[in-house]
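Worksheet for the structure shown next.
The values are calculated or read from the model by the stated rules, or taken from the named source; none is laboratory data. Note that this is a predicted model, so its numbers are computed, not measured. FYI the Cβ positions are ideal-geometry reconstructions off the backbone, even for glycines, and counts take in every protein chain you see. Note: areas computed on protein heavy atoms with side chains; ligands, DNA, RNA excluded. Shrake-Rupley method; radii C 1.70, N 1.55, O 1.52, S 1.80 Å.
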Amino acid sequence: MEIIKVLPDGIGCNSYILTNDNRTAVVVDCAEPALYENCVILGLKPVALLLTHGHFDHVGGCGKFYENGVPILCGEKEDKFIFSAKNREIFEGEEIPEFKISRTLTDGEEFRFGGIKFKVIQTAGHTEGGVCYVAEHNIFTGDTLLNMSIGRCDLPTGNRKVLKESVKKLLELKGDYKVFCGHGENTTLAFERENNPYLK
């Protein structure tokens, strides 16, 4: 599986384009509409867009994927929050793009897109419905676990105690995993177990 990291241009998260066959792509988080064109330029047809959570900087480009019939998935407790007034207020007038969630995902659920097997880990705390996605020995953590940090908890539906429990759940996974974060540099679970100051 190839993982292509796309950095934001302005306010946005790290987005990831995954391909297992060099023909189709699964996208994790979508900061900007240009991400769809990134896939096209790479010769990849998007077959799914997975959201770790619903903040604007992670869903700002979803409209373009929705217009082109790409299914958009998120955690089961997050879909209503994405379009809520509380979420819209966070980014001071930035409009959530028009799109719909195709289906929601439960903790522990496994599914496949583009020949890639994913497993969902519910990781509330940054938002109530946040999730991480495991694919092979890679975890896409959104804003749950960051390099030497964790996500903020002071926004609507955030909870610091719950977030620490969610991060603990990740760190208790057996073995090491590459960690693809929503912001900043990527890391590994082994490194974070030993060095993350927020987990001491």
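A few remarks follow.
- Tally of residues being open to solvent by less than 10 Å² (accessible area, probe 1.4 Å), modelled with pLDDT under 95 and in contact with a Gly (Cβ under 6 Å, 6 or more places away or on another chain) across the range 48-70: 0
- Filter result (touching a helix residue (DSSP H, G or I) at 6+ places or on another chain (Cβ under 8 Å), closer than 23 Å to V134 by Cβ and either without any contact (Cβ under 8 Å) to a residue 60 or more places away in the chain or among the β-branched types (V, I, T) (or both)) within the range 19-37: V27, C30, A31, L35
- Within the range 176-188, the residues that satisfy the criterion of being part of a loop (DSSP other than H, G, I, E, B) and either touching a Leu at 6+ places or on another chain (Cβ under 8 Å) or farther than 28 Å from M1 by Cβ (or both) are D176, Y177, G182, H183, G184.
- Condition met for V179 (aliphatic (A, V, I, L, M) and crowded, with 22+ Cβ neighbours inside 10 Å): yes
Here's the yes/no breakdown for (1) among the basic types (K, R); (2) farther than 22 Å from E98 by Cβ; (3) without any contact (Cβ under 8 Å) to a residue 24 or more places away in the chain; (4) part of a helix (DSSP H, G or I):
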| position | (1), (2), (3), (4) |
| --- | --- |
| I4 | no, yes, no, no |
| D9 | no, no, no, no |
| I17 | no, yes, no, no |
| C39 | no, no, yes, yes |
| V47 | no, no, no, no |
